[in-house]
Amino acid sequence: MERNLADKLINKARLRHTRQRRAVLETILQSHDHPSAATIFQRAVKRLPGISLATVYNCLEALSAKRIINQLHFDNGPSRYCPNLVEHAHVLDDSNQRVIDVKLKEGIKPEDVFDLPEGVRVVRLDACLHGEIPAMS
């Protein structure tokens, strides 16, 4: 299933279709742990032996630029990647660097939560909450 979805997303974004992009995107689509580029490389090389770390970074840059995936920045740590494009936030457990997605409650908009200056229009939400994530989440 990831292969068909990866192909559709790459085609829809009008990116040049390569085995490397497909392998990287399939890896991310199967990941629910918001992996770093290094982790994606370790997983992608199992799909496509011979792929380089530099190629993984190039693929991640292209996929992020076309908004096929989200690139996440947490403090000074490495970027992490999320395939979930539905508006949501993240919770980062600082003790173990685990990240989970959290949905906004039904009907809630960022403007309902934040006291935005007049005239500011939110076009995308990129929020990170820091806390402790129970082992079962």
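The values are calculated or read from the model by the stated rules, or taken from the named source; none is laboratory data. Treat the numbers as computed from the prediction; the structure is a model and nothing was measured. All Cβ positions, glycine included, derive from the backbone under ideal geometry; neighbour counts span all protein chains shown. We work out accessible area using only protein heavy atoms, side chains counted, and drop any ligands, DNA or RNA first. Shrake-Rupley method; radii C 1.70, N 1.55, O 1.52, S 1.80 Å.
If you check every pair at least six apart or on different chains, which have Cβ atoms under 7 Å apart with a residue in region 101-120 that is at pLDDT below 90 first and a residue that is open to solvent by less than 80 Å² (accessible area, probe 1.4 Å) and in a loop (DSSP other than H, G, I, E, B) second? So the pair list comes out as PRO110/VAL122; PRO110/LEU125; GLU111/VAL122.
Only one of the listed residues (ILE28, ILE68) is assigned to a loop (DSSP other than H, G, I, E, B) and within 13 Å of the chain's Cα centre (by Cα). That residue is ILE68. Within region 38-51, being touching a helix residue (DSSP H, G or I) at 6+ places or on another chain (Cβ under 8 Å), open to solvent by 20 Å² or more (accessible area, probe 1.4 Å) and not in a helix (DSSP H, G or I) holds for one residue alone: LEU48. ASN58: open to solvent by 30 Å² or more (accessible area, probe 1.4 Å) and either farther than 28 Å from GLU111 by Cα or in contact with an Asp or Glu (Cβ under 8 Å, 6 or more places away or on another chain) (or both), yes or no? It is true that ASN58 is open to solvent by 30 Å² or more (accessible area, probe 1.4 Å) and either farther than 28 Å from GLU111 by Cα or in contact with an Asp or Glu (Cβ under 8 Å, 6 or more places away or on another chain) (or both). Residue-level check: of (1) open to solvent by less than 70 Å² (accessible area, probe 1.4 Å); (2) modelled with pLDDT under 95; (3) over 15 Å from the mean Cα position of the chain (by Cα); (4) not hydrophobic (A, V, I, L, M, F, W, C), ASP75 misses just (1). Only residues that are open to solvent by less than 30 Å² (accessible area, probe 1.4 Å) and among the basic types (Lys, Arg) were counted across region 17-37, and they come to 0.
Against the conditions (1) open to solvent by 80 Å² or more (accessible area, probe 1.4 Å); (2) in contact (Cβ under 8 Å) with a residue 24 or more places away in the chain, VAL123 satisfies every one except (2).
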